[in-house]
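The values are calculated or read from the model by the stated rules, or taken from the named source; none is laboratory data. Because the structure is predicted, anything quoted here is derived from the model rather than measured. Cβ placement follows ideal geometry from the backbone for every residue including glycine, while neighbour counts extend to all protein chains displayed. Just the protein is used for accessible areas: all its heavy atoms, side chains included, with ligands, DNA and RNA removed. Shrake-Rupley method; radii C 1.70, N 1.55, O 1.52, S 1.80 Å.
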Amino acid sequence: MELPALLGGTPVREDKIYYGRQWVTDEDIEAVRKVLEGPYITCGPKVQEAERVLESYTGAKHAVVVNSGTSALHCACIAAGIGEGDEVITTPLTFAASANCALYCGAKPVFADIDPETYNIDPESIRAHITPKTKAVIAVDFTGQVVKVREIRQICDEHGLVFIEDAAHSIGSAYDGVKVGNLADMTCFSFHPVKTVTAGEGGAILTNNEEYYEKLVLAHTHGITHDESQMEGAPHEGIWYYEQISLGYNYRMTDFQAALLISQMGRIDEFVAKRKEIVARYDEEFSKIPGIIVQKNIPESDTSRHLYIIRLDLDKLKCTRREFFDAMSAENVQCQVHYVPVYWFPYYEHMGYEKGLCPNAEEVYKGIMSIPLYPRMTEKDIEDTIHAVRKLAEYYAK
Ligand SMILES: *Cc1c(COP(=O)(O)O)cnc(C)c1O
C-alpha cells in the first residue's frame, strides 16, 4: 500500500492542481483587446451582442447581462417584487449569495433541506416551509445538476410563488431536453472564472416574461429609462432626457468583459463535452472505491457539471474529512469544500438561525469535498486525481 505524502510518502504529482480553473485562449484575449482599442469599453454594442448570444444558446426570450451572478440574483429578486416581510425559500448547501439576495430586499431567507443523494433542494421540504409570507423559491442547480423543475414548478403554481433558478453552476445543462435558462421564471448565471464560461466577473438573468424583463433592465441601470413610453413626467424635452422611475443599481458589465463572454460562449460546447467526459471517468472509477460516495445523478437532468464532489463514507474510513482533505493537498491535488451550510455563518447565526435546521445538508457537508474538474485538465491531471483519491481511500480504509 502507498504511504500518503502527508505521512512521509511520495506525492502523486510534483505541481499542484486546483479544483477549478478558467481557460482563456489567445482568441479570447484578442476579442478583449479589440474592444479596449475601440471607442466603447462600456455601454457599447458588445453587451447587447452577449445578450443575444445567451438568448439563442438557451432559447429564452430575454437575457440581461450584469456584472456578477450575485447582481443577477439581486435583480431577479427586485423583478419578482420581493420586499420587506416576504420569505424566500432556498437551500443551505450553496454559495451565500443565493440567500443574501433575499436579505438585500429586506426579505427573510428560509432554508429547505436537500435530498441526501443528489444534494439538490428537496421539493417536499420546500412545500413544508411555505407560509403565507412566502414569495419565491430560489432553487440552486447544485454542481450543475438541474433541480426537480417539474415538482418545483407545480409547487410555485399552486402557491403563486416566483420560481428563480440559481444556475451559477449549470449553464450548458438541460432538463427533459430544455436548456437551463428556459425553465424557471427567471434564471441567473455567473461568469466568475471558476464557472463554466467566464467574463472575469459577470452574470446574466434569463426570462421569457416581459414584465420581469422590463424590471430587470431598470434594476441593473439605476431604475433609469430612455424609453418615452415608460416616462411619467413632462413631454420629451430633447434627446438628452431620461427619467428615473424606480430604484436601481449600477450592475452593468463592461464591453470588454462582454467580448470575453461572447468569445467563451463560442467554445461552450467543447467545455461541456470535456466536463461530461471527465465526470463519466470519475463516476466509473469512484463508484468502485469503498469509502467514497458518488453524487447520484438526476435522470431528467442532462448535466454539465461545474463541480465534482466526492463524499467520504466516514463509517468506512478511519480518518476525518479534514485529514483526507489535508492528505489530498499533500498529494498536490488541491480540493475545496462546497459549501459550509449558509445559516452556519456568524452573520446568519446572529439573526437567529440555528444549527440543526437542515439535517441532511449538515450531514452531507461533513463528508464532502470538490476535486479538480475543469475542461483544460490533461490526461495526467485526471489520472493523478483518480490516483490520489484511490490511494488515500485505500490507506484510510477501516
Ligand atoms: C458563484 C455563485 C454565485 C455568485 O456568482 P458571482 O458571479 O460570484 O457573484 C451565486 N450562486 C452560486 C450557487 C454560485 O456558485
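Data overview
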quantity: Of His306, Val279, Pro132, farthest towards positive along the dipole that unit charges on Lys, Arg, Asp, Glu beta carbons give the chain; calculated: Val279
quantity: Listed residues Gly202, Gly248, Gly352, most fluctuating in the chain (Gaussian network, C-alpha, under 10 Å); calculated: Gly352
quantity: Carbon/sulfur fraction of accessible area - the chain, other protein chains in place, 1.4 Å, %; calculated: 52 percent
quantity: Computed over the range 207-264, the ratio Rg/Rh where both radii use C-alpha atoms and Rh is Kirkwood; calculated: 1.07
quantity: Distance in nm between pseudo-label sites at Lys316 and Ser246 (7 Å out along the Cβ direction from Cα); calculated: 5.1 nm
quantity: The range 166-199 and the range 305-380: distance between their alpha carbon centers, rounded to Å; calculated: 22 Å
quantity: Of the trypsin sites (Lys or Arg not before Pro) in the range 280-338, those whose Cβ has at most 10 other Cβ within 10 Å and which sit in DSSP loop; calculated: Lys288
quantity: Mean accessible surface per residue for the chain, computed with a 1.4 Å probe while every protein chain stays in place, in Å²; calculated: 43 Å²
quantity: The range 26-265 - Rg (one decimal) and Dmax (whole number), Cα, Å; calculated: 18.1, 61
quantity: Residues with amide H under 5 Å from that of Asp113, placed H, sequence gap 5 or more; calculated: Asp122
quantity: Alpha-carbon spread of the range 115-218, three principal axes, descending order, Å; calculated: 39, 37, 25
quantity: Listed residues Ser246, Gly177, Val197: farthest to the positive end of the dipole of the range 26-265 (Cβ charges); calculated: Val197
quantity: Within the range 147-215: Cβ-based charge dipole about Cα centre, in debye rounded to nearest 20 (Lys, Arg +1; Asp, Glu -1); calculated: 300 debye
quantity: Share antiparallel - DSSP beta bridges, the range 26-265, percent rounded to 5; calculated: 50 percent
quantity: Unit charges on C-beta of K, R, D, E only; dipole of the range 26-265, Debye; calculated: 220 debye
